[in-house]
Every structure is written in C-alpha cells, then in structure tokens.
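Asker: Handing you a structure now.
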There are 6 protein chains.
Amino acid sequence: MFRLTVRDHIMIAHSFKGEVFGPAQRLHGATFVVDLELQRPDLDADGIVADIGLVGQLLSSVLAPLNYRNLDELDEFRGRNTTTEVLAQAIAERVRARILEGALGADARSALAGLKVTLRESHIAWASYETRLGTG
Amino acid sequence: MFRLTVRDHIMIAHSFKGEVFGPAQRLHGATFVVDLELQRPDLDADGIVADIGLVGQLLSSVLAPLNYRNLDELDEFRGRNTTTEVLAQAIAERVRARILEGALGADARSALAGLKVTLRESHIAWASYETRLGTG
Amino acid sequence: MFRLTVRDHIMIAHSFKGEVFGPAQRLHGATFVVDLELQRPDLDADGIVADIGLVGQLLSSVLAPLNYRNLDELDEFRGRNTTTEVLAQAIAERVRARILEGALGADARSALAGLKVTLRESHIAWASYETRLGTG
Amino acid sequence: MFRLTVRDHIMIAHSFKGEVFGPAQRLHGATFVVDLELQRPDLDADGIVADIGLVGQLLSSVLAPLNYRNLDELDEFRGRNTTTEVLAQAIAERVRARILEGALGADARSALAGLKVTLRESHIAWASYETRLGTG
Amino acid sequence: MFRLTVRDHIMIAHSFKGEVFGPAQRLHGATFVVDLELQRPDLDADGIVADIGLVGQLLSSVLAPLNYRNLDELDEFRGRNTTTEVLAQAIAERVRARILEGALGADARSALAGLKVTLRESHIAWASYETRLGTG
Amino acid sequence: MFRLTVRDHIMIAHSFKGEVFGPAQRLHGATFVVDLELQRPDLDADGIVADIGLVGQLLSSVLAPLNYRNLDELDEFRGRNTTTEVLAQAIAERVRARILEGALGADARSALAGLKVTLRESHIAWASYETRLGTG
C-alpha cells in the first residue's frame, strides 16, 4: 500500500458541553495541524498516489470554511462538540466527498482505497479518523 | 476508525544481556518519549474516544513505577532484556489491563478496539507494540 | 552562557483589531506551545541553572490564567491585540516578576541573567520575546 | 504487532516527466528523510524485532547507491519518474530482498511480517510504501 | 527583543567543487526548510513585529527563483559553491534588500533590527546566517 | 554571523546528589540528543563554516567516551552532578579543546568565533552551553 500525506493547519475557537471537558467547557481555541493521508494500492501512470498540488488545494479548500472561525457559530456543528475527533471525521468526510466528486481526477476517484485525517492539537495530543474511500 | 494519542516520557537506566547489544550491554540509560494511542470505531456521546484527562493520568500512572528507575532492579523484568520493544509491550499490557478494570470508564472499556504504545528512544529510532483491546 | 528550556502549552480564543489581520479579525483561537528559556552565566552548587521542577511549576502557574480562555474578555489585555508577540512578552514579564519575587529561590533570583519566551502557533510560525533579568 | 523504526536520509537530484509535475519537471532535488519500519508479531529470544545495528547498516547500504546522485542518470529508473512514492517502493523492495537474503539473520527472515518505508520530502509532505515480508 | 519566524521550503539541485565535499561533488540535491526570523526591539501599533502575511509572501517571493532549480545553472552563483551557508546568506541578503525597499512597509523598514535565515538540510544538519537590518 | 549545526545522541545512566533532584537522585538514565553549533563571522574559501564531515566525526568522538556509560563511574565527573547543563558544558569544552588542537583544520581554528552545545533530554526539556572559541 502507498500512502501520501500533506500538511496544513487551521486556527479556531470553540467550547465544549459536558462535565468531562472541565475547563475546556469555556470558550477557548486551538491550532490544529492537519495531516491528510491518501492510500492507494498501486500508483498511477505518472508514478504518484495523486497530484500533490491538487491534494494541497483540496485540503486547503476543505479547511477554509473552518479557519479563523468560532466553530460554536457554524450550523453544521450545532448541538455537537467539535472535539478533535469530531473535526478529524468532519474534515475526512468532506475530503472524501470531494474526491468522489472528482476533485483529484477520475483516476484518483476510482483508485484511492482510503484516507486518514490527523489533527495535532499540541505537542502532546492528537487524534485521527480513517475511512475507506473506494467502492470496494 | 478513530485514534486518540497522548504523549508522556520516562527516564530510565538499564543494561542488556546478549552479544547482539554490543556496548549497550553496559549499564546505560534512555529517555523514552511514550505515545499512547487508543483506537475506537465510533465516538461516545460527548464526541470523544476517551476522556483525554483520564488517558493522560492512566499513562502517567502506568509509567510511574518505571520512571527514574534502574530497570535491571525491577522484579517484573528479571531475566529479560528491557528493550524498547519489550517495554512498549509491557506498558501496553498494563494500560490494557487498567482499561479493562475500568480506568477510562465503562463505556471506553467496551467500546475501545485496540491500543498502540510507541517508545521513541532517540531522533533516529523508535519501536511500538499494538494490541487489540476489545472482547471481540 | 547556560540556557535551560522547558515546554508547556495553552489553548486560547481571541480576535484582533486592525485590517492587517485579515480573517484573524474574527473570533478564532490558537494552541501556543510555550518554551521558557532561562539564561545564567554560571551554574549553582547543584550544577543546574534552576530547579527544573520549580521552573515547570512557574511556567504552568503563569499560563494558568490564560489557558482555556477567550483573551478578548481578560481585563489585562483590554484595548490591545493579543498577538503571539504580545503574549510572549506578557508571559515573559510575568515569569520575570515571579522570579524576582523568589519563585525559583534566592540564588536563581540573583544569578539568572535573562529569559526568553517563545510561542509556537503552528508548524510554520512562531514568535519570541527575550529580556534581561538581572539587576546588572 | 511489534514495529521497529530507524531513520536515515539521502540527498538527490532528479526531474519529472509529465505536466502534472509543473515546475518539478525541471532538474531539482530533495532531501529524503527515510524511515524504515519492520513489523513482527513476536520478539526474538533477545527481546527485539531485529538487531538495530544491522537494520541501520542495511538501510544505509540500500540508500548508498542513491545518495548524492542525479537519479535521472541511474539505469534502474530509466523511463520512470522517481517520485517520492516510487522511491519509497524501490527502497522497500531492496530492503525486502536483502532481508530475504538474510541480511538481518535467519530468524528475522522468517519472523518479520512486513515493512514500511516512509520518505519525508519536506515539513509538509511525505509518502510511504508498505509491503508484506513473510511467506505467509 | 522580539523575534518572529515563518517557515517555507525549496527543493533544489546542485553540485560542489572542492575535495572537502567528497561525494557531494556530484550533482545531487536538497530540500531546504527555510526559517526567516525578524528581530525588532519594540512592537508596532498593532502589536506585531511585522505583517505575517507579508513576511510569508516576501520569503516565498525570495525563494521562488531558487525553487525547483539546478543552482549550478544560475548566474548569480557562478563560480561559487551553493552550500547551505552560502544560500542562507544569499536568501538573507535578498530579504534584507526587499525590506529596505519597503516590502514589509515603512514602519518595519525603520524598526526592524536584524534578521536570521536558517536552512535545515536534513534532520541532523542545518546552517544559518544572521545580519543586522537597521541603519544603527 | 554564520552558524552550522550537526546532531548526534548518547544514551547514558546516572544519578544525582541533592534534594532538589527528587526522584532523579535514584540511578536512572537519559537519551541526550546533542546539537553542536559552530559560529563564524565569515565563510572559508569553500563557502563553509567547517567541513561538516569532520564536525560530525569530532562530535561523535567527543561523545564516544560518554555513550552507553554510567556517568557515576567516570573519574572526570567524580563528585559532580552530571546534569544536562554540566554535560553540555563538558561536551562543549572538549569540542573547544579539540578544535584548538586543529581537529577541524588550521583555518577553522583561527576563524571560528564560538560554539554552542544543546542537549535535549525529552520533548519538553533541554539545556545548552555557549562559549567563545576565538582568541579575541
């Protein structure tokens, strides 16, 4: 299996509901360093998993609506905690949808097997969500 | 699959038996930067893999009996080399036992699928042990 | 010159005033990985710059009032942008004041020559503030 | 599963053919920080995945013919793009062949389950190739 | 003193002349992760060392003529070895000239005291060049 | 000013005397990732601070007597705590002496202005010692 990863980041504000979150129930924020990993069993004719330029643009475009935002105010997360885990999944699902729409080309759409999104919230904690991408 | 990772570290002394270890047969030591990864197919009602505060405490409590110790003097490792691999497994098994005892709550005990412990011994070498956690 | 550095972090929300900040004028947030460096020409009788345990507690106690906060709501930053630079200075000045009050002991108070606080806001940007500590 | 990883690096020149590569069609170069991960279900009698000294030598010897080279001039890559993905696979396959020849000893040859080679080309992009090693 | 740093990177090919360079006399290449640090005694009215967006653009524009190039073919380096040290200085001098031309604004031009450019060529080697910027 | 840095590491055992050290009074150990920085106002005729191959060998040879050792048993540290700070100075002084003996060549001996040794003991703590090298 081949894996290709590109890194970007977002800076957001949010708060959590639930006693388990302690002081993080207050409005605070985070820098999430975001790693998008694409998985593919075989390379394309150019010898790549995907066009790394397009992958970077895709990740950046998926992150844009979240970046420099208070996530508490976004409709799509209404009633949910935007934990690192939830955000990793939300970003992964958006990337997945965009790939299935052809954002990385027809070849990548059919050939990519899976993807993983990792959000690093500090030097001592990070979370990821991994999902299959193919139709198989 | 979701994965949540927290980082801690220990500083230990030890020696190895066996010619394969060369100069590491002498009493020496290491800082191990320890990453504990928990794996879970679905998030809990709060949108998390586990309470990250409890995970940090669990890791710290498992590492405490090893930290600032000469591992050659510990009964549990008598007759064994405390290699990075052996320590990764020992730490993972202790974490696993503590989770099965409920250290991360009843929900995490039944919902966590696996865990992985990685020990980084330098900027150029590390080892890990991954095991299933569930009853499945 | 000797330098000793310890690392901690905070997760905060804030917004900026001024067109130069573009989208960062909106309420957003950041994880700041904070490095506190202490400088000292000669070591103490124990062979250290300062008691690293005390240094870690000092940094943690200085960061506590900022951690998990919306900095826009704190009196001390009223009317100011809590940029990475401003925060580095604010943290450094508090550390400095605490050291001069004796938080690291009488020896450190007189012997430390300077300190530097670095705040890493992402994998591609960081800022620091360095100041003298001694009376010289 | 146990995993052991060692790190090394190479500095190479190359160019790519294909419009997808944009400015990377020109002769340019890269530092690849190379991580070799070995996977093994159970440890050997010494408590290790493999002799880390031998693993480091093996990786270094596999990298030597590539290091400080213009990859465009090497016969083995004639007509192919030496992308990060292609190089990860080429290095992994050479390591695999050397292990099957006994470079890490008879025990490792039969007991290792798989390996993964990751090439980090910058602080924001990396690629890997993972393959099974055993006969199973 | 305040310091602000932003990170970017280039991927280049080159060769060196001189026996001291051993195998690096051959055409090879490198990824240089480039850190640009700006130094300033006092912050501007917005509470910053400089507009970080402009700093990133400035660094990127200075790196552009080098990126994805064979440095052996560039006129400006004719007859010189493009070592990490030489490149760090060349990049720093170009940044300095652009700042003096006003690329970061009139305020930054007069207020910045110095700058430092660091080029990381691998996980085990890096070099930097630091210079004064002001007229003082 | 130019600065060139190379990285290596050692793995040692030791114990400390003094209540300030708490549990570190017990025999324990550390991995120290060691960065040696050389400072020089102007480059040599080859465009370098020093022959990086020689610098790496010099650092490695200075670290060798410490590596895989119990520092409590070494004569040179008898009666002293081998703290991170003390070791940084000891390594720096040995490097300095070797450079003055000509280990990096006659040119480097006269042209190098200073050096700095940093020992990273974990992901959250490090210490350094910087000294002048020249006769000036």
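The values are calculated or read from the model by the stated rules, or taken from the named source; none is laboratory data. The model shown is predicted, which means the values in this text are computed figures rather than measured ones. Note: ideal-geometry Cβ built from the backbone for every residue, glycine included; neighbour counts use all protein chains shown. For the accessible areas, the whole protein counts, side chains as well, though only heavy atoms, and no ligand, DNA or RNA atoms are used. Shrake-Rupley method; radii C 1.70, N 1.55, O 1.52, S 1.80 Å.
Asker: How large is the dipole of segment F:54-136 about the Cα centre if only Lys and Arg carry +1 and Asp and Glu carry -1, each at its Cβ, rounded to the nearest 20 debye?
Answerer: It comes to approximately 180 debye.
Asker: A further question follows. I'd like the residues of segment E:96-136 whose 1.4 Å-probe accessible area shrinks by no less than 30 Å² going from the isolated chain to the full set of protein chains.
Answerer: Checking the loss per residue gives E:GLU121, E:SER122, E:HIS123, E:ILE124, E:TRP126, E:SER128, E:TYR129, E:GLU130.
Asker: Provide the net charge surrounding F:ARG40, with neighbours chosen by a C-beta distance below 15 Å and charges set as Lys +1, Arg +1, Asp -1, Glu -1.
Answerer: Once all neighbours under 15 Å are counted, the net charge is -3.
Asker: Can you give the calculated 222 nm mean residue ellipticity of chain C, where each DSSP H run of n ≥ 4 adds -39,500 (n - 2.57) and the sum is split over every residue, rounded to the nearest 500 deg cm²/dmol? Each step should come with its number before you reach the end.
Answerer: On the way: 3 runs with 35 residues, N = 136.
-8000 deg cm²/dmol, from helical runs alone.
Asker: Closest to the C-onto-D rotation axis, which residue of chain C has its Cβ, and how many Å off the axis is it?
Answerer: Taking Cβ atoms only, the nearest residue and its distance are C:HIS123, 3.
Asker: Using DSSP, restrict attention to beta bridges with both residues in chain B and report what percent are antiparallel, rounded to the nearest 5.
Answerer: Values: 28 of 29 bridges.
Counting DSSP beta bridges with both partners in chain B, the antiparallel share is about 95 percent.
Asker: For the pair C and A, how large is the buried accessible area, both sides, in square angstrom to the nearest 100, if the probe is 1.4 Å? Each step should come with its number before you reach the end.
Answerer: Working: alone 7570 and 7600 Å², together 13230 Å².
Approximately 1900 Å², summed over both chains.
Asker: Counting only Cα, what are the radius of gyration and maximum Cα-Cα distance Dmax of chain B, in Å?
Answerer: When restricted to the Cα atoms of chain B, Rg and Dmax are 15.7, 52 Å.
Asker: Just add up the charged neighbours of A:ALA108: K/R +1, D/E -1, any other residue whose Cβ is under 10 Å from the Cβ of A:ALA108.
Answerer: Numbers: positive: A:ARG40, A:ARG109; negative: A:ASP44, A:ASP51, A:ASP107.
Result for the local shell: -1.
Asker: So how compact is segment D:62-136: Cα radius of gyration and Dmax in angstrom?
Answerer: According to the Cα coordinates of segment D:62-136, Rg and Dmax are 13.7, 38 Å.
Asker: Let me ask something else about it. Considering only the protein assembly as shown, what is the antiparallel percent among its DSSP beta bridges, to the nearest 5?
Answerer: Details: 198 of 204 bridges.
Just about 95 percent of them are antiparallel.
Asker: Give, as ranges by residue number, the residues of segment D:108-136 whose backbone N falls under 12 Å from the point 7 Å along Cα→Cβ of D:ASP42.
Answerer: D:111, by backbone N distance to the label point.
Asker: If you fit an axis through the alpha-carbon atoms of helix C:84-100 and take the longest principal axis of the Cα set of chain C, what angle between them do you get, 0 to 90°, nearest 10?
Answerer: 30 degrees
Asker: Across segment E:123-130, in residue order, what do the Karplus-derived ³J(HN,Hα) couplings come to in whole Hz, using 6.51 cos²θ - 1.76 cosθ + 1.60 with θ = phi - 60° and x for Gly and Pro?
Answerer: 6, 10, 7, 7, 9, 9, 9, 10
Asker: Moving on. Output the pairs from D:LYS116/F:LYS116; C:LYS116/E:LYS116; C:LYS116/F:LYS116; A:LYS116/B:LYS116 with a Cα-Cα distance over 25 Å in this structure; if there are none, say none.
Answerer: Beyond 25 Å between Cα atoms: D:LYS116/F:LYS116.
Asker: Which value, in debye to the nearest 20, gives the size of the charge dipole of the protein assembly as shown about its Cα centre, when Lys and Arg are +1 and Asp and Glu are -1 at the Cβ?
Answerer: 0 debye
Asker: Still on this structure: Short version: ³J(HN,Hα) in whole Hz for each residue of segment B:45-57, in order, from phi by Karplus 6.51 cos²θ - 1.76 cosθ + 1.60 (θ = phi - 60°), x for Gly and Pro, what are they?
Answerer: 3J(HN,Hα) across segment B:45-57, in whole Hz: 5, 8, x, 10, 6, 6, 5, 5, x, 5, 4, x, 5.
Asker: Please provide three numbers in whole Å: the alpha-carbon extents of the protein assembly as shown along the principal axes, with the largest listed first.
Answerer: So the three principal-axis extents are 68, 63, 62 Å.
Asker: Accessible area of chain F with a 1.4 Å probe: how many percent of it is carbon plus sulfur? Present the calculation step by step, with values, prior to reporting the outcome.
Answerer: Working: 2420 of 5190 Å².
About 47 percent, which is the carbon plus sulfur part of the accessible surface.
Asker: In whole angstrom, how far apart do the alpha carbon centroids of segment D:29-108 and segment B:70-92 sit?
Answerer: One Cα centre to the other: 29 Å.
Asker: Turning to a different aspect of this structure: Check E:ASN67: other-chain or 5+ apart residues with amide H under 5 Å from its amide H, H built from backbone geometry?
Answerer: Distant-sequence amide H within range of E:ASN67: zero hits.
Asker: Further, regarding this structure: Counting C-alpha atoms alone, how compact is segment B:18-74: give Rg to one decimal and Dmax as a whole number, in angstrom.
Answerer: 17.3, 52
Asker: As an exercise, use a Förster radius of 22 Å and the Cβ-Cβ distance of F:GLU73 and E:HIS123 to find the FRET efficiency, rounded to the nearest 0.05.
Answerer: 0.10
Asker: To continue, here is another question. Under the Karplus relation 6.51 cos²θ - 1.76 cosθ + 1.60, θ = phi - 60°, what is the ordered set of whole-Hz ³J(HN,Hα) values for segment D:33-40, x standing for Gly and Pro?
Answerer: For segment D:33-40, the Karplus curve yields 7, 10, 10, 9, 10, 10, 10, 7 Hz.
Asker: May I ask you to find the residues of segment D:48-73 that are shielded by at least 20 Å² of accessible area once the whole protein assembly is considered instead of their isolated chain (probe 1.4 Å)?
Answerer: So the qualifying set is D:ILE48, D:ASP51, D:ILE52, D:TYR68, D:ARG69, D:ASN70.
Asker: Moving on. Could you report the protein assembly as shown's accessible area per residue, 1.4 Å probe, as an integer in Å²?
Answerer: 38 Å²
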